[in-house]
Amino acid sequence: MIISMARWMRFIGVIKVVGGLLTGFFLLVGVIYLGAGLSTDLPALGKLGRTVAENRLTFFALALFALLLTVAGTLLGFVLYTAADDFERVARSDEADQDYITAGVRQLNTYFKLSILLGVAAVLVGLTAAIGLASQAQVQVQVGL
């Protein structure tokens, strides 16, 4: 049972690392595309380009935060992968089981605490950005009337 759990932890850790690297790549490509679109007024951006141009600081701060979450998620995948190694050592060896269990549980504890903390931070930042952009849009609508 411990070996099966370690395999699943390793699988999820690899998925998180690969997913984090891909997310970071696409996030950087998107930021570069938006930056190029804002500097040359690409018509392909349309209404989105105007919204981003009016709120550059907000969108680039959100992109930076997303990049930070991507790096943290990738590192958490690595932590889960190494915790799986510790649990597999428990199942496959007869020596130092207590040390391996302690190391694995400590890494799992770190993984879950940071995952929850990052999730709460992402929700709070997203809500704050949405409220800020909505209030700015409301002000623009009232001024336009």
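The values are calculated or read from the model by the stated rules, or taken from the named source; none is laboratory data. What you are looking at is a predicted structure, and each value in this text was computed from that prediction instead of being measured. Virtual Cβ from ideal backbone geometry, glycine too; neighbours counted across all protein chains shown. Quick note on the areas: whole protein, heavy atoms, side chains included, nothing else; ligands and nucleic acids left out. Shrake-Rupley method; radii C 1.70, N 1.55, O 1.52, S 1.80 Å.
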Let me cross-check SER115: its accessible surface, 1.4 Å probe, with only protein heavy atoms counted, in Å² to the nearest 10? 40 Å²
Test of understanding: what is the full-extension gain from ASP99 to SER135, defined as 0.36 nm times their sequence separation minus their Cα-Cα distance? 7.6 nm
Accessible area of the stretch 2-143 divided out per residue, in Å², using a probe of 1.4 angstrom: 66 Å²
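Filter the DSSP H helices in the chain by two things, a Kyte-Doolittle mean of at least 0.5 and an axial alpha-carbon span of 27 angstrom or more, and list the hits by number.
Sorted by number, the helices that extend far enough and score high enough are 2-40, 56-92, 97-144.
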Can you compute log10 of I(q)/I(0) for the chain with the Debye formula, treating each Cα as one identical point scatterer, at q = 0.15 Å⁻¹? -0.84
Would you list THR70, THR58 from the most to the least accessible area, probe 1.4 Å? THR58, THR70
Do any GluC sites (Glu not before Pro) in the stretch 51-102 lie in a DSSP loop with no more than 15 other beta carbon atoms within 10 Å, and if so, which? GLU95
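Take the solvent-accessible surface of the protein heavy atoms, probe 1.4 Å, and return the percent of it on the stretch 2-143 that carbon and sulfur atoms account for.
On the way: 6710 of 9320 Å².
C and S atoms contribute 72 percent here.
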Can you tell me the relative contact order of the stretch 81-125? Whole percent, Cα pairs under 8 Å, sequence separation 6 or more. 36 percent
Trypsin sites (Lys or Arg not before Pro) within the stretch 70-138, DSSP loop, no more than 16 other Cβ atoms inside 10 Å: none
Förster radius 25 Å - calculated FRET efficiency between ALA53 and ILE116, Cβ distance, rounded to 0.05: 0.10
Report relative contact order for the chain in percent, whole number only (criteria: Cα-Cα under 8 Å, sequence separation at least 6). 33 percent
Nothing charged except the Cβ atoms of Lys and Arg (+1) and of Asp and Glu (-1): what's the magnitude of the dipole of the chain about its Cα centre? Round to the nearest 20 debye. 460 debye
